[in-house]
Amino acid sequence: MNDATVLNTHLEGLTLRAQGKVRDVYDVGDELLIVTTDRISAFDVVLPNGVPDKGKVLTAVSAFWFEQLADVIPNHLLTTDVDEMPHDVRAHADVLRGRAMLVKKCAPLPVECVARGYLAGSGLAEYRASGTVCGIALPDGLAESSRLPEPIFTPATKADVGDHDENIDFARMCTIVGDEMGARLRELTLTLYGRGADHARSRGVILADTKFEFGMHDGELTLIDEALTPDSSRYWEAAAWQPGRPQPSFDKQPVRDWLDGLDWDKTPPAPAMPPEAVFATRERYVEIYRRLTGKELD
């Protein structure tokens, strides 16, 4: 375990283009450098301390899936090897190794593409209220964490930093991206989810749902951002799955559970995590990497 967490990057000679809850994005001429830090957020608030190696897990999991899914759709990843990156990037190799992706510059589409195979999260709340998820009618009598009759496509609008994504129905998405593009995104999202779910199941893991982002590069639809990471996906232990209750997940659940036990109003600033929550969260991230890839984290 590497005890040093990387919470912020300040890469001299490179232009910081954007900073999200977890990633710092730098402009590198014709490409972008995406640096995945060890920052962690819960309830849309970034906590003051991070989780060691979290950024490395997210980078390695994305790289694994980009390779696995390259026959379905091109992706934006050029390399994760810092030694193959431009000179100004290599100057920061000690900070970047294992947590950086050099990617193509793409024009992102203004929607998020979500596939759900199980009833959880915001989908569960909507189902309980109306029997639907993003306007899709589901059978009566489904319980929390139930497997759906078939995976469904539930898009969302992209939120500004600090805001919540808004679930939308397919018709509204098509007014944003067009009918042809909407149909293509739905087909691709469900195909990618199916491939991911099949592989995860072979490793004893359920992929309950996941989010993809797409962009255009030289006129070609391209998979961008991250792919099937524990931050963008809900992974459950298949052997422990039991509908009718929440499922333990391979992500930051220990942090959310700890915060739920505090008298905190879920607005900034967030309290610092105790060591036991940090350790438990790191173990879950590292374990899902190990389960999915069959490898140990470098």
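Derivation of every value follows stated rules applied to the coordinates shown; laboratory data play no part. Given the structure is predicted, the values throughout are model-derived calculations rather than measurements. Every residue, glycine among them, receives a Cβ derived from its backbone with ideal geometry; neighbour counts consider all protein chains shown.
Check whether at least one residue in the stretch 174-189 is closer than 19 Å to ALA227 by Cα, outside any loop (DSSP other than H, G, I, E, B) and among the aliphatic types (A, V, I, L, M), and report yes or no. Outline the logic, then answer.
Step one: list which residues in the stretch 174-189 are closer than 19 Å to ALA227 by Cα, which gives 184-189.
Add one more test, that the residue is outside any loop (DSSP other than H, G, I, E, B), and what stays is 184-189.
Now restrict to residues that are among the aliphatic types (A, V, I, L, M): 185, 188.
Yes - at least one qualifying residue is present in the stretch 174-189.
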Checklist outcome for this item: Scanning the stretch 275-298 for residues that are in contact with a strand residue (DSSP E or B) (Cβ under 9 Å, 6 or more places away or on another chain) and crowded, with 18+ Cβ neighbours inside 10 Å, the one farthest from TRP65 (Cα to Cα) turns out to be ARG284
Item to check | Exclusive hit being within 28 Å of PRO274 (Cβ to Cβ) and surrounded by fewer than 22 Cβ atoms within 10 Å (Cβ to Cβ), set ASP140, ASP44 | outcome: ASP44
Next on the checklist: Looking only at residues that are loosely packed, with under 15 Cβ neighbours inside 10 Å and within 22 Å of LEU109 (Cα to Cα) in the stretch 192-246, which one is nearest to the chain's Cα centre (by Cα)?
Outcome noted: MET216
Checklist entry - Would you call ALA171 in a helix (DSSP H, G or I) and on the phi < 0 side of the Ramachandran plot? => result yes
